[in-house]
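Right, one structure below, let's go through it.
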């Protein structure tokens, strides 16, 4: 069980093909797999579909793959920070499927758990519900019926995620809000490649404090991360 | 006379009770945190955190610690982190007592529109649809009229909806209204605003 690779390019070797479906972790620029995204750019893989909460900014995150026109479709909840994204979307070069944020997270989690569909109240009565299966369940007060819509689990070809630490078997620990979409994104791919700040010896992580068990992780790389801040907000020292 | 942004936030803070877990939206709702006083309120940030603290001191910013508006923040001694699926599990599961958020339009049936204007740049709904569908109580804080002077409290929303029949209470610069059977009910008026002023600025049916 050798999961550790020397760099992003070797970790992705044999996993990339044109037209593939990739689930990526991260929220904004926080906890994104920046090294793996850069390696996909270098590999030149085209017509990619990404399930990712956001699309990065123009020169960082998934944004770098938009500059090179490697992305065919985005499944996201919010894409407001990316001018090149908007230009390609408005000109029809890029497909976009908006998912409510919680629906996107649950679609990833479900896919990873072998659940092809689930019902949610989110989006009932909005454009999100158009064309989707509606069903009533007695979840209201005193068993009153409430309407739900069916959403489908995501089954991706590849998961790319960022964690703080991994042991040599792929057990992962995330740090603060950089956890975000990374665990569900990791779960829903056939193969999962993880980039971490530090690979530690097996046995050095507390088994009671593993955030994602190594069963979900196939390949690991360690690297230097830029970890860019999107909105620097501070308060005065008093 | 009417309430300014801070007074609206201060009024919205009165909606919060000791022990509540609350999600605050971007804009005026964010200011509500300044007025909770001694009440024991835990703020949720839907990117995966309960117990959100204030902005960091300069030099203490941590790229791994942001809120749902992507701003750098801090943790508290009660803070817990979790992934996005768990975060929206607690939202969808009704564990969050209240959400306070802004809106473009609200109508007399409690329908809410705050995520897209057709023909304009669409940035996405983020977590707004999940929040309004899932939390215990939805409180909207917004100006009573738009920049053209038209009422934002309508008989029926004209913009694409974020949620249908989801709003419980509306706090505007002119007063407080509840969504009830048949329309909106005036709960109180802002300082120096009469019920007649409020009715005149409202397109929705007032019962």
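The values are calculated or read from the model by the stated rules, or taken from the named source; none is laboratory data. Only a predicted model underlies this, so the values are computations on that prediction, with no experimental measurement involved. All Cβ positions, even for glycine, are placed from backbone atoms using ideal geometry, and neighbour counts span all protein chains on display.
Remarks
- Checked against (1) surrounded by fewer than 24 Cβ atoms within 10 Å (Cβ to Cβ); (2) in contact with a strand residue (DSSP E or B) (Cβ under 6 Å, 6 or more places away or on another chain); (3) facing chain A (nearest Cβ under 10 Å), residue B:29 passes all but a single condition, namely (3).
- Of the criteria (1) within 18 Å of residue A:23 (Cβ to Cβ); (2) out of contact with any strand residue (DSSP E or B) (no Cβ under 6 Å at 6 or more places or on another chain); (3) assigned to a loop (DSSP other than H, G, I, E, B), which one residue A:203 fails: (1)
- When segment B:32-44 is filtered for residues that are in a helix (DSSP H, G or I), more than 14 Å from residue B:139 (Cα to Cα) and away from chain A (no Cβ under 14 Å), only B:35 remains.
- Residue match in segment A:195-206 (condition: crowded, with 24+ Cβ neighbours inside 10 Å, more than 9 Å from every other protein chain (Cβ to nearest Cβ), closer than 18 Å to residue B:64 by Cα and in contact (Cβ under 8 Å) with a residue 60 or more places away in the chain): yes
- Subset of segment A:119-171 [within 12 Å of another protein chain (Cβ to nearest Cβ) and on the phi > 0 side of the Ramachandran plot]: A:123, A:125
- When each of A:154, A:160, A:149 is tested for being part of a strand (DSSP E or B) and under 16 Å from the mean Cα position of the chain (by Cα), the lone residue that passes is A:160.
- Applying the set (1) in a loop (DSSP other than H, G, I, E, B); (2) in contact with a strand residue (DSSP E or B) (Cβ under 6 Å, 6 or more places away or on another chain); (3) at pLDDT 95 or above; (4) closer than 25 Å to residue A:228 by Cβ to residue A:139 leaves exactly one unmet item: (4).
- Selected residue (criterion: nearest to the other protein chains (Cβ to nearest Cβ)) from residues of segment B:158-182 that are part of a strand (DSSP E or B) and surrounded by fewer than 17 Cβ atoms within 10 Å (Cβ to Cβ): B:180
- Extreme residue, farthest from residue B:8 (Cα to Cα), among residues of segment B:121-139 that are out of contact with any helix residue (DSSP H, G or I) (no Cβ under 9 Å at 6 or more places or on another chain) and more than 11 Å from chain A (Cβ to nearest Cβ): B:136
- The C-beta contact set for segment B:12-35 (first residue at positive phi, second residue outside any strand (DSSP E or B) and surrounded by fewer than 19 Cβ atoms within 10 Å (Cβ to Cβ), distance under 7 angstrom, 6+ apart or interchain) comprises B:19/B:40; B:27/B:102.
- Test for residue A:115: is it surrounded by fewer than 17 Cβ atoms within 10 Å (Cβ to Cβ) and part of a loop (DSSP other than H, G, I, E, B): yes
- The residues of segment A:173-194 that are within 8 Å of another protein chain (Cβ to nearest Cβ), within 12 Å of the chain's Cα centre (by Cα) and either free of Cβ contacts under 8 Å to residues at least 12 places away in the same chain or part of a helix (DSSP H, G or I) (or both), listed by number, are A:178, A:182, A:183, A:184.
- Test result for residue B:9, in contact with a strand residue (DSSP E or B) (Cβ under 8 Å, 6 or more places away or on another chain), at pLDDT 95 or above, crowded, with 18+ Cβ neighbours inside 10 Å and closer than 30 Å to residue B:198 by Cα: yes
- Restricting segment B:45-66 to residues that are in a strand (DSSP E or B) and under 26 Å from the mean Cα position of the chain (by Cα), the residue that is nearest to residue B:101 (Cα to Cα) is B:45.
- Subset of segment B:174-197 [touching a residue at least 40 places away in the same chain (Cβ under 8 Å), under 13 Å from residue B:2 (Cβ atoms) and out of contact with any helix residue (DSSP H, G or I) (no Cβ under 6 Å at 6 or more places or on another chain)]: B:176, B:190, B:191, B:192, B:193
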